[in-house]
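What follows is calculated from the coordinates using simple rules that are stated; it is not laboratory data. Here the structure is a predicted model, which is why all the values come from computation and not from measurement. Don't worry about glycine lacking a Cβ; one is built from the backbone with ideal geometry, like all the others, and counts go over all protein chains shown.
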């Protein structure tokens, strides 16, 4: 064992990915710690009613924000890993596409709010939060650093954004600011993060000028040709990740959303883990395919196994400590959130697997099938929410989310020959067969 560890320590490829993952994990752990303090303080300050309204506004925007990403994230990283010669054209085209996408989000929201029961104040919260999408076009810099396995620059930007955001939110609490000020704080977070990405990119690319941000029509068509299934997939993912809070608000009111969202915030706090791991090892998995199919799938199985073990290690203790954790963090005013957390935390098992296999779908260029599996999940989620929220309230919404995640991230793979082997690999992982 020690011999293997010494060998890995001297292996340049392993150390490159290990250091990159360590940087990204370090930032996310810091975010969890700071979020545990500041985020909980915000939730307690606002109370279930106002926190529920803020969460609803974020969830409603979340249903449409995927339009701003245009499904380009993994596609850009893949292209940069394969061939960096057209880096400037790729990043420039992606920048303008994302800016166009952000404008489309605002237009779509302006139409969508007319079909809700929202009052003027609620719609104000929605559009303030949605304005943050304008600055997400700078995330293309993040893609470049992911492809180059240079996570430290991503971390620098995120830490600066986190610290500024925390100071702003603490100040708002101390001065007893109204709810709408916290919506503006969410938008301000995106501005600070965008400026951080831009600063470190310009610092490391001194010859970069605005002329590098050119729009290439051929590249744009090529990117959108590959990404459109991911756009649709992202839309349905957004629906079954956020529709529960929107439906709870319409059926049960703002306070119920606050109770549910408080539990979901703890449950989803761990979702950065599979994203960091998958993003960091994605280039290594693609490169393994160039060597041999056997190595490629061996690495993928190892990734699935690790994801399942990790998710269970998180879910198991939280199942028994849910009520105690909720009371400790949020107080007795969130007395319904503990039982929601006990159920919702197990969705993490399928989320971890889904994130990992999502990278496999991109690597195999199976974006259409990626859309199909998430579409099955959203249909199941909506139907179960309609049936279960009126009967079981917010607990029914948690059960619906758990079942729909299992359908989208695992069961759907059974129905296609191209993904059936993937289903078998996931089954081995879920059965803890190494």
With a ≥ b ≥ c from the Cα gyration tensor eigenvalues, square-rooted, and the rule rounded for a/c under 1.5, otherwise prolate when a/b > b/c and oblate otherwise, the stretch 302-434 is oblate
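When N is the residue count of the stretch 235-353, what does its C-alpha Rg come to as a fraction of 2.2 N^0.38 Å? Kindly include the intermediate steps, with their values, before the conclusion.
Numbers: Rg = 17.7 Å, N = 119, 2.2 N^0.38 = 13.5 Å.
Dividing the Cα radius of gyration by 2.2 N^0.38 Å gives 1.31.
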How far is the Cα center of the stretch 350-379 from the Cα center of the stretch 35-60, in Å? 30
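Would you kindly work out the equivalent ellipsoid of the stretch 16-430 from its C-alpha gyration tensor and give its semi-axes, the square roots of five times the eigenvalues, largest first in whole Å?
Working: eigenvalues 200, 142, 90 Å².
Calculated on Cα positions only, the semi-axes equal 32, 27, 21 Å.
For a protection proxy built on the mean count of beta-carbon atoms within 10 angstrom, sort 326-335, 245-254, 112-121 highest first, please. Don't skip to the answer; put the middle values down first.
Numbers: 326-335: 16.6, 245-254: 20.0, 112-121: 11.4.
For the peptides 326-335, 245-254, 112-121, the packing ranking is 245-254, 326-335, 112-121.
Indicate the gyration tensor shape class of the stretch 384-431 (rounded, prolate or oblate), computed on the Cα atoms with a ≥ b ≥ c the square roots of the eigenvalues: a/c under 1.5 is rounded; otherwise a/b larger than b/c is prolate and the rest oblate.
On the way: a/c = 5.76, a/b = 2.59, b/c = 2.22.
Note, shape of the stretch 384-431 comes out prolate.
If we sort 345-354, 381-390 on the protection proxy, mean other Cβ atoms within 10 Å, highest first, what's the order? Walk me through the numbers before you get to the answer.
Values: 345-354: 25.3, 381-390: 17.6.
Those peptides, ordered most packed to least, come out 345-354, 381-390.
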